[in-house]
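The values are calculated or read from the model by the stated rules, or taken from the named source; none is laboratory data. This one's a predicted model, so the numbers in the text were calculated from it and none came from an experiment. With ideal geometry, Cβ positions are generated from the backbone for all residues, glycine too; neighbour counts draw on all protein chains shown. For the accessible areas, the whole protein counts, side chains as well, though only heavy atoms, and no ligand, DNA or RNA atoms are used. Shrake-Rupley method; radii C 1.70, N 1.55, O 1.52, S 1.80 Å.
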Amino acid sequence: LNRCMENNIEINVNRTNRSKTVSIQVLKGQVKISVPKNLEQVKIDRILKSKSKWIKKKLFLQSKIVPFSNKEYVSGESLLYLGRQYRLKIIIGKKYNTEFKDGYLKITVKNKSNKQKIKRLVKKWYLEKAHLYLNKMTLDLSKELGVSYNSVKIRNYNARWGSCSSTGKLFYNWRIIMAPYKIIKYIILHELVHLKEHNHSKRFWKLLKSHYSNIDYAKQWLLYNGHTFKI
């Protein structure tokens with residue numbers, strides 16, 4: 001394993017007899033290229049130069065990764081909403097209440113130690129916001145695309161952001177309300193385009209790209225940051 005520089009990016013070069021082809025990995029901000037043992041350096045440099053744009057894009061996306069830590073549901077804790085961090089504020093009171101004001105999600109509970117109740121109130125707030133926001137955004141974007149749909153449902157998916165049925169029913173993961181606007185827009189447009197092309201054919205991606213040019217960025221952003229959409 002040795003190192004080289006390409007456009008001020010440090011790259012680990014792994015020469016091995018086990019490799020007959022060239023592979024490039026960008027993981028956790030580190031760039032590694034595996035090459036056949038006797039491949040000339042000039043050819044390695046040429047490959048890296050041709051892939052420099054792709055490498056930089058991967059590094060940029062990975063630099064935006066936000067680490068996730070389990071919530072304790074205490075005052076001052078961060079919550080994601082529409083791509084921004086807001087603070088949780090726990091208040092003691094006689095009646096349960098939830099209020100989003102002055103950059104805080106204020107949760108009123110009878111007992112601060114009842115973490116499960118606080119979590120349920122936080123999730124209920126997210127679900128209500130997701131229902132309103134995603135319904136409105138879907139309506140607006142459907143007009144832009146010139147398509148009609150049957151209904152919008154908010155679901156608690158673990159492994160998908162949205163789906164579209166053959167009968168025109170749209171389903172969204174409530175957690176996408178934590179993403180920035182442009183990422184939510186990609187997810188909604190993705191499902192709306194399925195109303196015209198109920199597949200992932202070249203025609204589907206071409207149609208989606210005509211309404212959302214930076215598809216790759218959105219897909220990569222979700223890949224690297226989707227794990228933070230938790231409470």
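For the reader, a short list of remarks on this structure follows.
- Of the residues making up segment 12-57, those that are modelled with pLDDT under 85 and assigned to a loop (DSSP other than H, G, I, E, B) are Asn17, Arg18, Ser19, Lys20, Lys28, Gly29.
- Selection count where residues are aliphatic (A, V, I, L, M) and open to solvent by 50 Å² or more (accessible area, probe 1.4 Å), scope segment 200-230: 1
- Verdict on Ser113 being over 15 Å from Ile231 (Cβ atoms) and either more than 20 Å from the chain's Cα centre (by Cα) or modelled with pLDDT of 95 or more (or both): yes
- Segment 8-32 residues that are over 14 Å from Lys43 (Cβ atoms), paired with ones that are small (Gly, Ala, Ser) and outside any loop (DSSP other than H, G, I, E, B) (beta carbon under 8 Å, 6 or more apart): Ile9/Ser52; Asn14/Ser34; Thr16/Ser34; Ser23/Ser34; Gln25/Ser34; Gly29/Ser63
- Candidate set from segment 131-182 (those that are among the β-branched types (Val, Ile, Thr) and under 16 Å from the mean Cα position of the chain (by Cα)); member that is surrounded by the fewest Cβ atoms within 10 Å (Cβ to Cβ): Ile176
Here's the yes/no breakdown for (1) open to solvent by less than 40 Å² (accessible area, probe 1.4 Å); (2) over 27 Å from Ile177 (Cα atoms); (3) over 19 Å from the mean Cα position of the chain (by Cα):
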{"position": "Asn17", "(1), (2), (3)": "no, yes, yes"}
{"position": "Lys37", "(1), (2), (3)": "no, yes, yes"}
{"position": "Lys49", "(1), (2), (3)": "no, yes, yes"}
{"position": "Gln62", "(1), (2), (3)": "yes, no, no"}
{"position": "Glu72", "(1), (2), (3)": "no, no, yes"}
{"position": "Tyr81", "(1), (2), (3)": "yes, no, no"}
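- Residues (of a type outside the set (A, V, I, L, M, F, W, C) and in a helix (DSSP H, G or I)) located in segment 167-196: Arg175, Tyr181, Lys182, Lys185, Tyr186, His190, Glu191
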